[in-house]
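The values are calculated or read from the model by the stated rules, or taken from the named source; none is laboratory data. As the structure is a computational prediction, the values presented were derived from the model and not from experiment. FYI the Cβ positions are ideal-geometry reconstructions off the backbone, even for glycines, and counts take in every protein chain you see. SASA here: full protein model, heavy atoms, side chains in, ligands and nucleic acids out. Shrake-Rupley method; radii C 1.70, N 1.55, O 1.52, S 1.80 Å.
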Amino acid sequence: MNSDVESRTDLAKYGPWAVIAGGSEGVGAEFAKSLAADGFDLVLIARKPEPLSETAEACRALGAEVRVLPLDLLDTDSTGRIAEATSDIAVGLLIYNAGASTCNEPFLDADLSEFTKVIDLNMTRMLELTQHFGRRMVAMSRGGIILVGSLSGYMGAVRHSVYAGAKAFSRVFAESLWIELREHNVDVLELVLGVTRTPAMERIGLNFDAPGMIVNDPAEVAQEGLRHIAHGPVHVAGGNAERAVMNSAPERAEVVLAAHEAIQQLTSLIKH
């Protein structure tokens, strides 16, 4: 963008409060700090209290009022707890950034209950929170929803059978919701991320130096998402749009096998 005014997120439409699920570190923390600088107050949700507190303090230093909810979104009562904690504030923006793959085993090698956790985190809780806050936004006739997706949703992959399927669901769901909520002045965006240098990805041990790999910065993709929220339903961040187009080609065997080779290089440093 060409100026600070242009890059600011619209507080009148999407404020005064933003809820960020997965708001403790990485892309979620960058969303939080950017919105705090733009005058938003924040509800930050994450499982680990220490990084959550650190991000909250950074946002308070920027002038934001911040509520922290250190809870596990895999808990079945988490949506109810979030709803109760936000019942007295006007939430105009929901960012669902809690979409990790909690089970990376071949499909036949793990208990189905472990894959159910992947579904609950990436789909069930996302749907619950989107419906809850979406209804409140429709009642206000304004608001925005950002669902953070992944290039994994564009093709199948070894050890990502359920995660990739969940991310494909998220993208198509966002497209449908975008159509449904347009008439209510509520924007919906699926922000598709590629390989991003987040603390979580660094802990896994990805090979960020794999040949031809585009590696994105969390702050930059968060800014991209905020700039494009009104231009849904899908935005592929970080210069990965060409890869998304390639991975959407109809020759599925060719796409999946080519992607498999690239993923093998990316994960070459991980010991399974």
Query raised in the report: Which pairs have Cβ atoms under 8 Å, sit 6 or more apart or on different chains, and link a residue in the range 102-114 that is over 16 Å from G156 (Cβ atoms) to one that is open to solvent by less than 60 Å² (accessible area, probe 1.4 Å)?
Result: T102/L74; T102/V118; T102/L121; A110/C103; E114/C103
Report task. Output the number of the condition that G149 fails; it satisfies all remaining conditions of (1) modelled with pLDDT of 95 or more; (2) in a loop (DSSP other than H, G, I, E, B); (3) of a type outside the set (K, R). Result -> (2)
Query raised in the report: Residues of the range 235-265 being more than 23 Å from D217 (Cα to Cα) and open to solvent by 30 Å² or more (accessible area, probe 1.4 Å), which ones?
Result: S248, P250, E251, R252, A253, E254, V256, L257, A258, H260, E261
Requested in this report: Test K13 against the criterion of being crowded, with 16+ Cβ neighbours inside 10 Å, of a type in the set (K, R) and within 20 Å of R142 (Cβ to Cβ), and give yes or no.
Outcome: yes
Requested in this report: Evaluate the following for A36: is it open to solvent by 10 Å² or more (accessible area, probe 1.4 Å) and either touching a residue at least 60 places away in the same chain (Cβ under 8 Å) or of a type in the set (A, V, I, L, M, F, W, C) (or both)?
Outcome: no
Query raised in the report: Can you pull out the residues in the range 129-139 that are open to solvent by 40 Å² or more (accessible area, probe 1.4 Å) and more than 18 Å from V172 (Cβ to Cβ)?
Result: H132, R135, R136, V138, A139
Query raised in the report: Under 6 Å by Cβ, and 6 or more places apart or on different chains, what pairs join a residue from the range 222-237 that is in contact (Cβ under 8 Å) with a residue 24 or more places away in the chain with one that is outside any helix (DSSP H, G or I) and surrounded by fewer than 22 Cβ atoms within 10 Å (Cβ to Cβ)?
Result: H228/H235
Query raised in the report: Is there a residue being touching a strand residue (DSSP E or B) at 6+ places or on another chain (Cβ under 9 Å) and under 15 Å from G225 (Cβ atoms) anywhere in the range 40-53?
Result: yes
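Conditions tested, residue by residue: (1) among the basic types (K, R); (2) modelled with pLDDT of 95 or more; (3) closer than 29 Å to G194 by Cβ.
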site: D72; (1), (2), (3): no, yes, yes
site: T76; (1), (2), (3): no, yes, no
site: A85; (1), (2), (3): no, yes, no
site: I89; (1), (2), (3): no, yes, no
site: I95; (1), (2), (3): no, yes, yes
site: S101; (1), (2), (3): no, no, yes
Query raised in the report: List the pairs whose first member sits in the range 85-100 and is touching a residue at least 40 places away in the same chain (Cβ under 8 Å), whose second member is among the basic types (K, R) and part of a strand (DSSP E or B), and whose Cβ atoms are under 9 Å apart, counting only residues at least 6 apart or on separate chains?
Result: A85/R67; T86/R67; I89/R67
**Report entry** Odd one out for V118 among (1) closer than 30 Å to G15 by Cβ; (2) open to solvent by less than 10 Å² (accessible area, probe 1.4 Å)
**Finding:** (1)
Query raised in the report: Of these, G99, G26, which one is closer than 28 Å to R182 by Cα and either surrounded by 14 or more Cβ atoms within 10 Å (Cβ to Cβ) or within 18 Å of the chain's Cα centre (by Cα) (or both)?
Result: G99
Query raised in the report: Filtering the range 179-198 down to residues that are in contact (Cβ under 8 Å) with a residue 12 or more places away in the chain and open to solvent by 60 Å² or more (accessible area, probe 1.4 Å), which residue is nearest to the chain's Cα centre (by Cα)?
Result: R197
